[in-house]
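All remarks here apply to the structure that follows.
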Amino acid sequence: MLFAIICTDRPASLDLRQATRPVHLDYLKAHAHRLIQAGPVLNAAGEPCGSLLIVDAADRAEAEAFAAGDPYAKAGLFESALIRPYRMVFRDGQMIA
């Protein structure tokens, strides 16, 4: 089942994001088999201010555990994190559902 994980960074936390990024990327690489898409959300200046991940998880509990295990979450980067079931309708410009 797919889940969207939408995270918003705490204000003035770009330094924390940058310092934590290498271990965050290692975490994502270790879980690449479950990632459909992942990347930062940008502010008007083009700087990261949050994260959007689409993950394949068995259930909500597994998606929550994945989100909680992210080094960004463990470092306290996020002001909020929203986890919602997600249904893909288009992929690579093609309607799939």
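Rule-based calculations on the coordinates, nothing more; no lab input. For clarity, every value in this text was computed on a predicted model and none was experimentally measured. Reconstructed Cβ throughout: ideal geometry from the backbone, glycine too, with neighbour counts over all protein chains shown.
If I go through segment 1-26 residue by residue, how many of them are touching a Gly at 6+ places or on another chain (Cβ under 9 Å), of a type in the set (Ser, Thr, Tyr) and buried (at least 17 other Cβ atoms within 10 Å of the Cβ)?
1
List every residue pair whose Cβ atoms sit under 8 Å apart, with the two residues 6 or more apart in sequence or on different chains, where the first one lies in segment 70-97 and is part of a helix (DSSP H, G or I) and the second, anywhere, is of a type in the set (Val, Ile, Thr).
These pairs meet every condition: PRO71/THR20; PRO71/VAL23; TYR72/THR20.
Enumerate the pairs (first residue in segment 25-37 and outside any helix (DSSP H, G or I); second residue anywhere and of a type in the set (Phe, Trp, Tyr)) with beta-carbon separation below 9 Å, excluding pairs fewer than 6 apart on the same chain, so at least 6 apart or on different chains.
Correct list of pairs: HIS31/PHE66; ILE36/TYR86.
Assess whether GLU47 counts as being in contact with a Lys or Arg (Cβ under 6 Å, 6 or more places away or on another chain) and not hydrophobic (A, V, I, L, M, F, W, C).
So GLU47 does not fit the description; no.
Which numbered condition trips up ALA67, out of (1) surrounded by fewer than 13 Cβ atoms within 10 Å (Cβ to Cβ); (2) in contact (Cβ under 8 Å) with a residue 24 or more places away in the chain; (3) within 12 Å of the chain's Cα centre (by Cα)?
Failed condition: (1).
Of all the residues that make up segment 38-69, how many are more than 14 Å from ARG84 (Cα to Cα), in a loop (DSSP other than H, G, I, E, B) and out of contact with any strand residue (DSSP E or B) (no Cβ under 6 Å at 6 or more places or on another chain)?
The number of residues fulfilling the criteria is 4.
How do the pairs read when you match residues in segment 45-59 that are touching a residue at least 12 places away in the same chain (Cβ under 8 Å) and closer than 18 Å to LEU16 by Cβ with residues anywhere that are of a type outside the set (A, V, I, L, M) and in a loop (DSSP other than H, G, I, E, B), using Cβ under 6 Å and keeping only pairs 6 or more apart or on different chains?
Pairs that qualify, where the first residue is touching a residue at least 12 places away in the same chain (Cβ under 8 Å) and closer than 18 Å to LEU16 by Cβ and the partner is of a type outside the set (A, V, I, L, M) and in a loop (DSSP other than H, G, I, E, B), are CYS49/ASN43.
Sort out which residues of segment 21-63 are more than 11 Å from LEU2 (Cα to Cα) and of a type in the set (A, V, I, L, M), and write them in order of number.
Within segment 21-63, VAL23, LEU25, LEU28, ALA30, ALA32, ALA38, VAL41, LEU42, ALA44, ALA45, LEU52, ALA61 qualify.
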